[in-house]
């Protein structure tokens, strides 16, 4: 792994990164249209990466069996969700309301691999007859890291990024731990690339739409050349909606 000390993290934190919200879901699976929310976190962080106010984490009863593969990751079994979880429609509505409040206040919302969380939330809203979220400024550390440090070797999961940017992540796949770590990684990235990133969260959001498309196009080219000539990458950021 590249030594973090070779990078200058002493740059002032950009204004957009001094007050952020963070968002993470743990779910029943990876299919963006069918996965159900099991746990969720949506909280505000200050410029030091600390939670502002009370922690907000939800546990839902998704109404379906939680596959063993999923519960092995996040630790919530069907039994736990049925016993302790709240109705899925109530949880989804509350998460939507919390995110709407953040966007209404002008806070950028950080989500690592944002299309996963925002797309699942979108289809959960539709599933329960709720109005989908109108998305404001989103910060996706995965997209920024991949675009700005394209040739760095190694995996780019949240735990890898946290290690690389020297951010503590002691309870991976806990919604709150992942959300907070993602926010702190975003702040570390903001310092590292302070002179190269757009000045506002809105401009950075728009840039990530373009960067994500470029990343997907590069991946599609690689897959067609090396694995499957018919491979097509699923486009879309911060939502990947089926046509």
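What do you reckon, is residue 95 touching a strand residue (DSSP E or B) at 6+ places or on another chain (Cβ under 6 Å) and within 18 Å of residue 209 (Cα to Cα)?
The answer is no for residue 95.
Which is at pLDDT 95 or above and touching a helix residue (DSSP H, G or I) at 6+ places or on another chain (Cβ under 6 Å), of 82, 110, 90?
Criteria check complete, one pass: 110.
For residue 122, only one of the following conditions fails: (1) within 23 Å of residue 218 (Cβ to Cβ); (2) in a helix (DSSP H, G or I); (3) out of contact with any strand residue (DSSP E or B) (no Cβ under 9 Å at 6 or more places or on another chain). What is its number?
(1)
Please count how many residues of the range 157-170 are more than 15 Å from residue 188 (Cα to Cα) and in contact with a helix residue (DSSP H, G or I) (Cβ under 7 Å, 6 or more places away or on another chain).
Qualifying residue count for the region: 1.
Scan the range 131-141 and give yes if some residue there is in a helix (DSSP H, G or I) and on the phi < 0 side of the Ramachandran plot, otherwise no.
Looking for residues that are in a helix (DSSP H, G or I) and on the phi < 0 side of the Ramachandran plot, one finds at least one in the range 131-141, hence yes.
For the structure I just gave you, tell me whether residue 106 is surrounded by fewer than 19 Cβ atoms within 10 Å (Cβ to Cβ), at positive phi and part of a loop (DSSP other than H, G, I, E, B).
When the stated conditions are applied, residue 106 passes them.
Looking at 49, 53, which one is at positive phi and under 19 Å from the mean Cα position of the chain (by Cα)?
49
For residues in the range 195-228 being out of contact with any helix residue (DSSP H, G or I) (no Cβ under 9 Å at 6 or more places or on another chain) and either buried (at least 23 other Cβ atoms within 10 Å of the Cβ) or not in a helix (DSSP H, G or I) (or both), which is modelled with the lowest pLDDT?
This residue is 195.
Where residues in the range 50-66 are assigned to a loop (DSSP other than H, G, I, E, B) and free of Cβ contacts under 8 Å to residues at least 40 places away in the same chain, which of them is nearest to residue 189 (Cα to Cα)?
Among them, the one singled out is 50.
In the range 18-43, how many residues are over 14 Å from the mean Cα position of the chain (by Cα) and farther than 19 Å from residue 92 by Cβ?
Qualifying residue count, the range 18-43: 2.
Whether any residue in the range 31-49 is assigned to a strand (DSSP E or B), more than 15 Å from residue 181 (Cβ to Cβ) and modelled with pLDDT under 95 is what I want to check.
No; the residues of the range 31-49 include none that is assigned to a strand (DSSP E or B), more than 15 Å from residue 181 (Cβ to Cβ) and modelled with pLDDT under 95.
Restricting attention to the range 134-166, which residues are free of Cβ contacts under 8 Å to residues at least 24 places away in the same chain and either within 27 Å of residue 75 (Cβ to Cβ) or buried (at least 24 other Cβ atoms within 10 Å of the Cβ) (or both)?
155, 156, 157, 159, 160, 162, listed by residue number.
Return the total of residues in the range 67-92 being outside any helix (DSSP H, G or I) and farther than 14 Å from residue 40 by Cβ.
Number of matching residues: 3.
What is the number of the single condition among (1) touching a helix residue (DSSP H, G or I) at 6+ places or on another chain (Cβ under 7 Å); (2) in contact (Cβ under 8 Å) with a residue 24 or more places away in the chain that residue 77 does not meet?
Every condition holds for residue 77 apart from (2).
The values are calculated or read from the model by the stated rules, or taken from the named source; none is laboratory data. Everything numeric here is computed off the predicted structure, so don't read it as measured data. When we count neighbours, we look across all protein chains shown, and the Cβ atoms used for this are built from the backbone with ideal geometry, even at glycine.
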